[in-house]
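A.B. asks: Pasting a structure below so you can have a look.
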Amino acid sequence: MKKLPWIGTVLLGALAPAQASESLIARAAEPDGAAVGPRAETGAGLPDGREAAAASGVRALEEAPPAPERTPRPAAAEWDAAEPVRLARDRSSAACKARMRREWLRIDCTAPSLAAVRTLGASAGEAWFSLDQNSSEDLATGVSVAFPVRLGDRRVIEILAGTSAYRGQIGISTSFVISEQWLDGDAGPLVSVL
Amino acid sequence: MRAPQDDALYLADEDHRALRRIPLPVDVSAPPIAIAMPGRPAQVLAIEGRVLVTIRDPGLLLVMQPDPTAGLVEVARVPLPADAWGLAITPDERTALVTSAWTGKVSAVDLATATKSWSIDVPREPRGVVVREDGAAAYITHLTSAALTRIDLRSPPQARPIALSPSPYRAPPDEPRAASLGYAAALSPDGRRLFVARHALGAIGELSWFGAASVDVLVTGNDEPLAPRRREAAPSRLARDFELDIAGDQELEAPRSELAPFVQPRALVYRESTRTLLVASEGTDALVELDALSVEPTLRPLHTYPLGSSPALAGAAPGSLDALSRDAGVATLCGAPSGVALSGDESLAWVYCRSTDTLALVRLDEHKAGVPYEPGPVPFIRLAKPPLPEQAAIGRKLFYNATDWITSGGLGCAGCHPDGRDDGHVWHEVSGGDFANFFGSADNRPMAGLAGGVARQTPMLAGRVSAEGPYGWNAQSELLAARILEGFGLHRWGMGGGADGALSLRASYLASFLREGLVPPPREDRPLTPEEKHGFALFTSEAAQCSRCHVPETEYTDRTGYPMPGLVARPGFYREKKGTVYKTPSLRFIAGTAPYYHDGSARTLEALVEQNEDRMGRTSHMSRKDKAALVAFLRTL
């Protein structure tokens, strides 16, 4: 029953074998013959982040959750030794890199005309933000965000770009959004950058 | 779960009163089998060896069985409260749960005996229904309210509201928005998250007039919203020298992403392999894919699949339905998508497009690094000829459409008049020098200093538009088409416009659809009870005078405007201009259109009669019993 794929006014009784094999063919043509994980062989695709993780060998945050800790935010130098991690999904064009140090996650991204970063909502734990701004520029070109990742977390962070809005006034629009959630029962933290 | 010999897609075609069976794989050249239904079917669900279908009027659950020649044959029919709509089964497949939209009930059907086990009352317009993984409870979504209903499936069953405010970051911290259009919900495969697609009425954002589209997530472990509360003065960091005063500016404090990546969400599916959600966007003729791993999936949609028109139809013959549709700015390939199903490998979505009577086959983005999605032509099947004459058939497309700039600024008629009914919302009509617009809340402001507006509750249209006129709460439009034209200006931010010919053509198409295509809600045909008879006598009595204005022969209205003495402006709204008159509204179907009055100030019919005193007709002389009888009669209309 669980798998009944129906919704709205339409229901699917079954799958078309022709279509199933079509997608398996597409799957065989993966970039650089990268190792395809066991999930992929069953015909289930991996969303962006996990796919990339499987390909690069970088640890996926979701599959290796941090230990339950309450430590202070790592000092600047500590981040240098932090381990790169892959997020559940990264679809922004902001070229983000994620690292873990103890239970702290840090995400550094580059994107044009960044004006602000803010928390829209968070269940707990303060986030730390920094904008990377050249002294000659009005706006920033990089952003770093760090927050603790603990069971029970839910958090939404919005990164804003400066725009020239109507009548030459300046405005702001969403550049990308970082979402974190880790509910009891989840394999690990789900972090998306979109 | 499927029977291997039953590789088929089933589709409930409400407008043709038919269930369609489409063999898989879909063969674009083979016509699907249509099975006639005893009434308009709303939803269909296939389980081991059986196909279940809800029928709106008469309210039924049909149990069917695949049959090699007929496609499907009926094996049982279970009478249910009228307007049976949403459908789900418990994990043990023993019980089906059905929502009855108009009658406001949820029923359980024992599938072994094909009998109704129970029905219980829930708030207005229950639509979507989803059963928890543990089978202990069901969640119900409503078209006219933000709260869900949870029904604990024990005996006796128990219903209670579950708060889930729509688009929480687009509302002030302690003022959750109202929601409408809660047609659909879906559980994550592990059952721990429930996704609900809706409209957040009056949500805050730039140029926001009706609000925002929203998929809100409920954590089923504790029935709490997934999104953490919005924090006042949320921590933030600004670029050095960036001079914009964000704090205190509601619009700048709200997320600055697109307000409505989809419009009029009609259906929702979870795509397990990519952990994404697919929303059928009725108003924009598109399928929209969202990240199911995000706390607020609507903030950043992953993919939009536009389905409205096929380039091949650009050369449609002059005067053909396709050419006329194109001229009216509406879909030719897939209009008003209202159902979605996924292929077994989830590489393909089948989308049922109601206003074009088509089935679109949408190849989905694989969401894999290094596998970019190449858009291509969307194959489709035409399922049937339009069920209405040409004028009304184009009117039907316009009614659901939210993209034609001449008819609206981004919201179709069905966005406020779903099913030709009402959204239960009181809109703020704000007028400036040369415009008048509807706003979802007093927080949506056309310009500084202008907020609030006069209260205008959405009226029901189905079954109430046969008279020539006048129309509008203030009897301001002589003819139906004139009120529709007025609406083209109201349903947007700022001024609309278009050539007179283009405007009036659309208004006449829509008027045809309103009269020929909208289906009035079901009404029980039975003799009045003694109490209702007493109510009728009171209603028509000289002492009460109700029938003087609410004339029974003409849909219970005289269509005349009257001043309403003693009206006080509701909080958040302006006071009405002196001398404003209100048209006697039709009382047909009044039981199902709460709240009441142009400003929604009476929450129930009981409250309306109780507080009336002698403002409208006379009720102050009536006993408690009389008043109850009067209300009982009103409910039969």
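A.B. asks: Filter the stretch B:233-284 down to the residues that are among the β-branched types (Val, Ile, Thr) and modelled with pLDDT under 95 and list them by number.
C.D. replies: Selection gives B:246 alone.
A.B. asks: When residues of the stretch B:322-357 are filtered for being buried (at least 20 other Cβ atoms within 10 Å of the Cβ) and of a type in the set (Lys, Arg), how many remain?
C.D. replies: Here the count works out to 1.
A.B. asks: What strands (runs of 3 or more DSSP E) completely inside the stretch B:43-118 contain at least 1 residues that are within 18 Å of the chain's Cα centre (by Cα)?
C.D. replies: B:50-55, B:84-89, B:95-100, B:105-110
A.B. asks: It is to be established whether one or more residues within the stretch B:291-304 are within 11 Å of another protein chain (Cβ to nearest Cβ), in contact with a strand residue (DSSP E or B) (Cβ under 6 Å, 6 or more places away or on another chain), assigned to a strand (DSSP E or B) and open to solvent by less than 20 Å² (accessible area, probe 1.4 Å).
C.D. replies: yes
A.B. asks: From the list B:455, B:392, which one is modelled with pLDDT of 95 or more and of a type outside the set (D, E, K, R)?
C.D. replies: Working: B:455 fails: modelled with pLDDT of 95 or more.
Selected residue: B:392, the only one of B:455, B:392 that is modelled with pLDDT of 95 or more and of a type outside the set (D, E, K, R).
A.B. asks: Looking only at the stretch B:108-128, count every residue that is buried (at least 22 other Cβ atoms within 10 Å of the Cβ) and on the phi > 0 side of the Ramachandran plot and tell me the total.
C.D. replies: Final tally of qualifying residues: 1.
A.B. asks: May I pose another question? Suppose we filter the stretch B:121-151 for residues that are assigned to a strand (DSSP E or B) and under 22 Å from the mean Cα position of the chain (by Cα); how many remain? Before the answer, list the steps.
C.D. replies: The first filter runs over the stretch B:121-151 and keeps only residues assigned to a strand (DSSP E or B), leaving B:121, B:126-131, B:137-142, B:148-151.
If we keep only those that are under 22 Å from the mean Cα position of the chain (by Cα) too, we end up with B:121, B:126-131, B:138-142, B:148-151.
Residues flagged as assigned to a strand (DSSP E or B) and under 22 Å from the mean Cα position of the chain (by Cα) within the stretch B:121-151 amount to 16.
A.B. asks: Do any strands (runs of 3 or more DSSP E) lying entirely in the stretch B:331-421 carry at least 1 residues that are away from chain A (no Cβ under 14 Å), and which ones are they?
C.D. replies: B:380-382
A.B. asks: What are the pairs with Cβ atoms under 9 angstrom where one residue, in the stretch B:110-123, is over 28 Å from residue B:147 (Cβ atoms) and modelled with pLDDT of 95 or more and the other, located anywhere, is open to solvent by 50 Å² or more (accessible area, probe 1.4 Å) and among the hydrophobic types (A, V, I, L, M, F, W, C)? Sequence gap at least six, or different chains.
C.D. replies: B:114/B:75
A.B. asks: Something else: So for the stretch B:622-629 (the condition being in contact with a Gly (Cβ under 6 Å, 6 or more places away or on another chain) and closer than 21 Å to residue B:552 by Cβ), does at least one residue qualify?
C.D. replies: At the first step, the residues of the stretch B:622-629 found to be in contact with a Gly (Cβ under 6 Å, 6 or more places away or on another chain) are B:629.
Going one step further and asking which of them are closer than 21 Å to residue B:552 by Cβ, we end up with B:629.
The answer is yes; a qualifying residue exists.
A.B. asks: Please find, among B:485, B:514, the residue that is modelled with pLDDT of 95 or more and of a type in the set (A, V, I, L, M). Steps first, answer last, please.
C.D. replies: Numbers: B:485 fails: modelled with pLDDT of 95 or more.
Just a single option satisfies the conditions, and that option is B:514.
A.B. asks: Going by the conditions given, is residue B:319 at the interface with another protein chain (Cβ under 10 Å from one of its Cβ atoms) and open to solvent by 20 Å² or more (accessible area, probe 1.4 Å)?
C.D. replies: On the way: at the interface with another protein chain (Cβ under 10 Å from one of its Cβ atoms): no; open to solvent by 20 Å² or more (accessible area, probe 1.4 Å): yes.
No; evaluated as a whole, the condition is false for this residue.
A.B. asks: Where in the stretch B:538-637 are there helices (runs of 4 or more DSSP H), lying wholly inside it, with at least 2 residues that are touching a Lys or Arg at 6+ places or on another chain (Cβ under 8 Å) and of a type in the set (Gly, Ala, Ser)? First the steps, then the outcome.
C.D. replies: Working: elements: B:546-549, B:605-612, B:624-634.
Answer list for the stretch B:538-637: none.
A.B. asks: Let me ask something else about it. Return the residues of the stretch B:187-199 that are within 14 Å of another protein chain (Cβ to nearest Cβ) and crowded, with 23+ Cβ neighbours inside 10 Å; say none if nothing qualifies.
C.D. replies: Quick first cut of the stretch B:187-199, residues within 14 Å of another protein chain (Cβ to nearest Cβ) only: B:187-197.
The answer is B:194, B:195, B:196, B:197.
A.B. asks: Still on this structure: Would you confirm, using the coordinates I've provided, whether residue B:18 is over 22 Å from residue B:352 (Cβ atoms), at pLDDT 95 or above and not acidic (Asp, Glu)?
C.D. replies: Considered against the rule, which asks whether it is over 22 Å from residue B:352 (Cβ atoms), at pLDDT 95 or above and not acidic (Asp, Glu), residue B:18 comes out as no.
A.B. asks: Can you tell me which residue is modelled with the lowest pLDDT among those in the stretch A:91-136 that are among the charged types (D, E, K, R) and outside any loop (DSSP other than H, G, I, E, B)?
C.D. replies: Here the residue is A:132.
A.B. asks: Let me spell it out: the conditions are (1) out of contact with any Leu (no Cβ under 7 Å at 6 or more places or on another chain); (2) more than 14 Å from chain A (Cβ to nearest Cβ); (3) among the charged types (D, E, K, R), and residue B:177 meets all of them except one. Which number is the exception?
C.D. replies: (1)
A.B. asks: Under 8 Å between Cβ atoms, at least 6 apart or on separate chains: pull out the pairs that start in the stretch B:47-73 with a residue that is open to solvent by less than 10 Å² (accessible area, probe 1.4 Å) and end on any residue that is of a type in the set (Phe, Trp, Tyr).
C.D. replies: From residues that are open to solvent by less than 10 Å² (accessible area, probe 1.4 Å), the pairs are B:51/B:10; B:54/B:85; B:56/B:85.
A.B. asks: Could you give every pair whose Cβ atoms fall below 9 Å, whose first residue belongs to the stretch B:163-188 and is farther than 17 Å from residue B:145 by Cα, and whose second residue is small (Gly, Ala, Ser) and open to solvent by 10 Å² or more (accessible area, probe 1.4 Å), counting only separations of at least 6 or pairs across chains?
C.D. replies: Within 9 Å, the pairs are B:169/B:227.
A.B. asks: Within the group A:152, A:162, A:171, which residue is of a type outside the set (Val, Ile, Thr), more than 15 Å from residue A:62 (Cβ to Cβ) and not in a strand (DSSP E or B)?
C.D. replies: Result of the check over A:152, A:162, A:171: A:152.
A.B. asks: Please verify whether the stretch A:100-109 includes one or more residues that are open to solvent by less than 60 Å² (accessible area, probe 1.4 Å), touching a residue at least 12 places away in the same chain (Cβ under 8 Å), of a type in the set (Asp, Glu) and more than 30 Å from residue B:244 (Cα to Cα). Show your work before the answer.
C.D. replies: Filtering the stretch A:100-109 for residues open to solvent by less than 60 Å² (accessible area, probe 1.4 Å) gives A:100, A:103-109.
Of the ones still in play, those that are also touching a residue at least 12 places away in the same chain (Cβ under 8 Å) are A:100, A:103-109.
Now narrow it down to the ones that are of a type in the set (Asp, Glu): A:103, A:108.
From what is left, the residues that are more than 30 Å from residue B:244 (Cα to Cα) are A:103.
Yes, because at least one residue in the stretch A:100-109 is open to solvent by less than 60 Å² (accessible area, probe 1.4 Å), touching a residue at least 12 places away in the same chain (Cβ under 8 Å), of a type in the set (Asp, Glu) and more than 30 Å from residue B:244 (Cα to Cα).
A.B. asks: I'd like the full set of residues that are hydrophobic (A, V, I, L, M, F, W, C) and touching a helix residue (DSSP H, G or I) at 6+ places or on another chain (Cβ under 9 Å), limited to the stretch B:329-355.
C.D. replies: Scanning the stretch B:329-355 gives B:330, B:331, B:333, B:334, B:336, B:348.
The values are calculated or read from the model by the stated rules, or taken from the named source; none is laboratory data. What you see is a predicted model; the values in this text were computed from it and never measured. Cβ sites come from the backbone with ideal geometry, for glycine too, and all protein chains shown count toward neighbours. Ligands, DNA and RNA are stripped out before the accessible areas are found, and what is left, the full protein with its side chains, is counted by its heavy atoms. Shrake-Rupley method; radii C 1.70, N 1.55, O 1.52, S 1.80 Å.
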